[in-house]
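The values are calculated or read from the model by the stated rules, or taken from the named source; none is laboratory data. Everything numeric here is computed off the predicted structure, so don't read it as measured data. Because the Cβ atoms are built from the backbone with ideal geometry, glycine has one as well, and the counts that use them run over all protein chains shown.
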Amino acid sequence: MICCLNSSCHNPPYSDQTKICCNCGIPLVILRHYRPIQLLGSGGFGKTYLAEDVEKFNEICVIKQFAPQVQGTGALHKATELFQQEARRLQQLGEHLQIPTLFAYFEQDNRLYLVQQYVEGQNLLEELQHQGIFSEYKIRELLLDLLNILKSVHQQKIIHRDIKPQNIIRRKSPQPTKGDLVLIDFGASKQLSET
């Protein structure tokens, strides 16, 4: 499978033999060695795709495409800066079991892309909608697990600034355990300065 990367398309998936998107007429491309296979979501700064690394036996990963929907050069410059900062923060945080690992950051066809580790599971908003209100015990366990992630992030002098249920994924496992929460989306993060 491969899907269209046109930011204004609804990104339908196609067979690997298809060369042009039937919806928008844009060529279907593999980014370096990352093949987009499914749209995961979109927001004000771009789109996120499930992808395969064709050089690593089709290992699943995530492509974040920078395609801001902002007007004006000042807003565009700020949006670009935030996207680049997210890549820097992920690189700075390195490999951490509860933060997606950055695999690549590059420009192709006048678009910026960030490729990171895929975390299979549900975000906490989906979990809350599915299970209903969390018990006090579950909330306590969730917060303790999340505080361990934040401790590591803060030790690197980074503030996430966008902690919400949608940005916390519970890694898919047969039984929820400590350490199965993953903090994602460092797009609004900030580096602490000396002042």
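Data overview
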item: Residue 8 vs. criteria under 17 Å from residue 113 (Cβ atoms), of a type in the set (S, T, N, Q) and under 18 Å from the mean Cα position of the chain (by Cα); result: no
item: Test: residue in the range 69-92 that is charged (D, E, K, R), assigned by TED's automatic domain parsing to the domain that holds residue 181 and in contact with a helix residue (DSSP H, G or I) (Cβ under 9 Å, 6 or more places away or on another chain); result: no
item: Entirely in the range 107-194, the strands (runs of 3 or more DSSP E) that have 3 or more residues that are within 18 Å of residue 50 (Cα to Cα) and hydrophobic (A, V, I, L, M, F, W, C); result: 111-117
item: Conditions (1) surrounded by fewer than 19 Cβ atoms within 10 Å (Cβ to Cβ); (2) at pLDDT 90 or above; (3) in contact with a Lys or Arg (Cβ under 6 Å, 6 or more places away or on another chain): number failed by residue 114; result: (1)
item: Residue count for the range 46-66, restricted to those that are farther than 22 Å from residue 15 by Cα and surrounded by fewer than 19 Cβ atoms within 10 Å (Cβ to Cβ); result: 0
item: Residues of the range 1-60 classified as in a loop (DSSP other than H, G, I, E, B), in contact with a Phe, Trp or Tyr (Cβ under 8 Å, 6 or more places away or on another chain) and touching a residue at least 40 places away in the same chain (Cβ under 8 Å), total; result: 3
item: Output for the range 78-106, where each listed residue is assigned to a strand (DSSP E or B) and exposed (fewer than 15 other Cβ atoms within 10 Å of the Cβ); result: 106
